[in-house]
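Here's the structure, in structure tokens; my notes come after.
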Amino acid sequence: QWLSDRKKRALQKKDVDIRRRIELIQDFEMPTVSTKIKVSRDGQYIMAVGTYKPRIRCFDTYQLSQKFERCLDSEVVTFEILSDDYSKIVFLQCGRFVEFHSQHGHYYRTRIPKFGRDFSYHYPSCDLFFVGASSEVYRLNLEQGRFLNSLQTEAAESNVCDINPVHFLFALGTAEGKVECWDPRTRTRVGLLDCALSSVTADTEIEGLPSISALKFDGALNMAVGTSTGQVLLYDLRSSNPLIVKDHRYGLPIRSVQFQPQLDLILSADSRIIKMWNKDTGKIFTSMEPEHDINDVCLYPNSGMLMTANEAPKMNIYYIPVLGPAPKWCSFLDNLTEELEENPESTVYDDYKFVTRKDLENLGLAHLIGSSLLRAYMHGFFMDIRLYHKAKMMANPFAYEEYRREKIRQKIEETRAQRVQLKKLPKVNKELALKLIEEETEEQQATRKRKQKNLPSLLKDDRFKVMFENPDFQVDEQSEEFRLLNPLVSKISEKRKRKLKILEELEAQEQEEEEEAEGKASDAESSESSDDEKGWVEEVRKQRKLLRQEEKVKRKEKFKEDQQTVLKPQFFEIKEGEEFRSFKDSAKKQKLMKKTLGDRLKLEEKLGTLNVSDTTVGSKQATFKLKKSEQQRKQQEAEKQHRQGRKSLRRSASHLRSKRGRGRLFH
């Protein structure tokens with residue numbers, strides 16, 4: 001995105017993907033959105049409809065370009081190519097219109113009574129069957145040019161329909177989740193399938209009633225049904241139960257269902273993903289998730305090419321060589337795919353190196369953040385690969401020497417692996433490794449007798465490799481938890497320690513013969529069985545006694561250390577405005593903090609700093625009085641004394657005045 005046009009042009013010369021990018025059909029796109037895409041029966045023409053404005057575009061595969069474009073009055077719901085080429089096309093439009101086009105362009109336009117959703121063409125009788133927002137199926141005969149008596153169904157609305165190409169059975173999918181099958185010759189219903197009930201399995205979570213959103217026949221007997229809740233059901237017409245129920249797991253309506261007969265695959269697509277799966281087993285073959293939502297999928301006949309109509313201007317073309325060969329008009333794709341498989345080339349990002357902020361700090365390039373040399377991306381930066389190599393050489397000039405030593409060491413280890421090897425144990429958790437080896441040998445003997453498959457070894461498993469390499473994973477056998485959980489480990493560990501000593505001696509002497517550790521002390525193992533409950537309880541008690549004794553010894557040692565240590569006086573500084581009284585206050589505060597909130601509220605209520613009262617609404621009201629500091633308390637006491645002094649002065653002054661008044665009256 002940050003590359004300039006000049007840089008992009010320069011990359012086109014280097015980048016193989018850009019140089020080999022193929023535009024199979026020129027301008028294979030729509031102005032805004034493409035809704036439906038189909039291929040003519042002769043395979044020469046690809047037709048697509050979309051918006052905006054509503055239009056149809058026809059592409060000629062022999063010329064690899066657009067043949068014609070026609071604009072329409074309203075959006076197309078679906079369309080059908082009646083002839084082998086583009087000369088006869090029928091469009092079902094949004095405004096209940098049915099429009100016919102011939103080779104030169106618009107031919108005729110008519111209207112159906114209710115809004116249509118899908119239609120199918122019955123070739124033997126030249127009838128068009130329209131289904132939609134009605135319980136009736138409208139029939140329009142193209143030979144007579146008039147509507148015939150409609151078929152009355154039990155459904156309130158119908159979504160999709162299809163006609164079997166072998167025996168011409170007409171099937172329609174309803175909004176109630178049922179499939180009705182009709183015989184066009186007698187115009188009677190011959191079968192009813194409840195797909196909504198069959199689509200609900202133990203694993204599926206369905207919020208609403210599944211309606212039928214896609215329908216497709218395969219041969220004379222098979223039929224695939226897609227539901228609005230994301231399930232695909234494969235039926236044999238001779239049975240009312242589905243052969244396979246495949247869930248897309250997205251909860252989105254199935255937009256399209258196609259059959260791939262060469263590999264017995266079914267291609268089902270919702271708006272998010274295209275899944276290819278085996279119709280016999282239901283096993284996933286592959287899946288594709290395009291960038292934009294999918295509206296329709298078209299499989300080019302007898303090839304591995306796939307085309308999609310999307311919620312985007314560009315219509316995608318996929319070529320999967322496994323599904324089949326390339327079409328004859330683009331047979332060069334087979335050679336190109338073979339070359340691409342043989343020569344995997346580098347990508348555009350090979351010229352850049354992604355580094356995090358920590359990597360920049362290690363290289364000493366943190367000051368470049370914000371400059372044009374670094375391009376911010378996600379949680380790091382992109383920088384030029386040449387600058388990265390230079391900075392790495394300056395930061396660690398001996399990196400090549402370390403790399404060379406590591407390669408030499410790996411080569412030596414590879415040559416050693418070809419020699420006759422002894423039973424080597426890892427550096428970390430040797431006893432655990434020996435225990436696993438013993439268990440494996442016992443299991444191998446048992447599986448040989450039972451003729452079962454051997455389970456994979458934990459020592460060879462990459463997931464547990466670190467446990468025997470990193471010292472942080474070393475099992476501490478002296479810890480309390482280990483000794484209580486493994487009370488009989490002492491007896492077993494003694495046997496293993498003996499075996500470890502034997503193996504170490506063998507490694508030191510480099511003897512080629514291996515001693516079988518299983519044959520030793522078999523009588524002791526049989527006599528001292530770990531399954532005996534009494535022995536297990538006694539061992540647990542012994543371990544607990546030992547732990548208590550160890551704790552006592554530790555306490556005594558700690559007590560001696562405390563007696564020997566000489567306490568030195570420590571001085572603390574008191575904040576300004578605070579008066580030190582005693583350490584008892586801090587102890588009281590700590591005790592108070594340990595109490596629950598209810599106890600503290602009761603204590604505050606007793607002291608008078610809290611007042612709890614009931615309100616008229618029924619709730620409680622709590623009023624707190626903040627505690628005052630020593631300075632505030634002294635200030636309040638001084639103010640109180642000042643007020644009392646002034647009051648006494650006023651009283652003495654009034655008393656003197658009253659005495660003088662009496663004296664004058666007496667004179």
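The values are calculated or read from the model by the stated rules, or taken from the named source; none is laboratory data. Model, not experiment: these values are computed from the prediction. FYI the Cβ positions are ideal-geometry reconstructions off the backbone, even for glycines, and counts take in every protein chain you see. Accessible surface areas use protein heavy atoms only, side chains included; no ligands, DNA or RNA. Shrake-Rupley method; radii C 1.70, N 1.55, O 1.52, S 1.80 Å.
Arranged from highest to lowest average of other beta-carbon atoms within 10 Å per residue, in what order do the peptides 85-98, 376-389 appear?
Details: 85-98: 18.1, 376-389: 14.1.
Going from most to least packed, we get 85-98, 376-389.
Net charge in the neighbourhood of residue 562 (other residues with Cβ under 12 Å of its Cβ; Lys, Arg +1, Asp, Glu -1) is +2. Pairs of lysines in region 24-342 whose Cα atoms sit within less than 18 Å of one another amount to 22, provided the residues are eight or more positions apart or on different chains. Residue 37 exposes around 0 Å² of accessible area when a 1.4 Å probe is run over every protein chain in place.
Taking the Cβ of residue 369 as the centre, find all other residues whose Cβ is under 13 Å away and add up their charges (Lys, Arg: +1; Asp, Glu: -1).
Overall, the nearby charge balance is +1.
Please report the net charge: other residues with Cβ closer than 11 Å to the Cβ of residue 158, K and R +1, D and E -1. Once positives and negatives cancel, what remains is -3. When all alpha carbon pairs of region 24-342 are counted in 10 Å bins from zero, the resulting P(r) reads 6, 26, 35, 25, 7, 1, 0 %.
Once you sort the root eigenvalues of the Cα gyration tensor of region 352-395 as a ≥ b ≥ c, which label holds: rounded (a/c under 1.5), prolate (a/b larger than b/c) or oblate (the other case)? It is prolate, given that a/c is not under 1.5 and a/b is the larger ratio. Per-residue SASA remark: residue 330, around 0 Å² accessible (1.4 Å probe; ligands, DNA and RNA not included). Here the label points at residue 556 and residue 625, each 7 Å from Cα along the C-beta direction, are separated by 5.9 nm in the simple model. Modelled spin labels at residue 141 and residue 318, positioned 7 Å past Cα toward Cβ, are 4.4 nm from each other.
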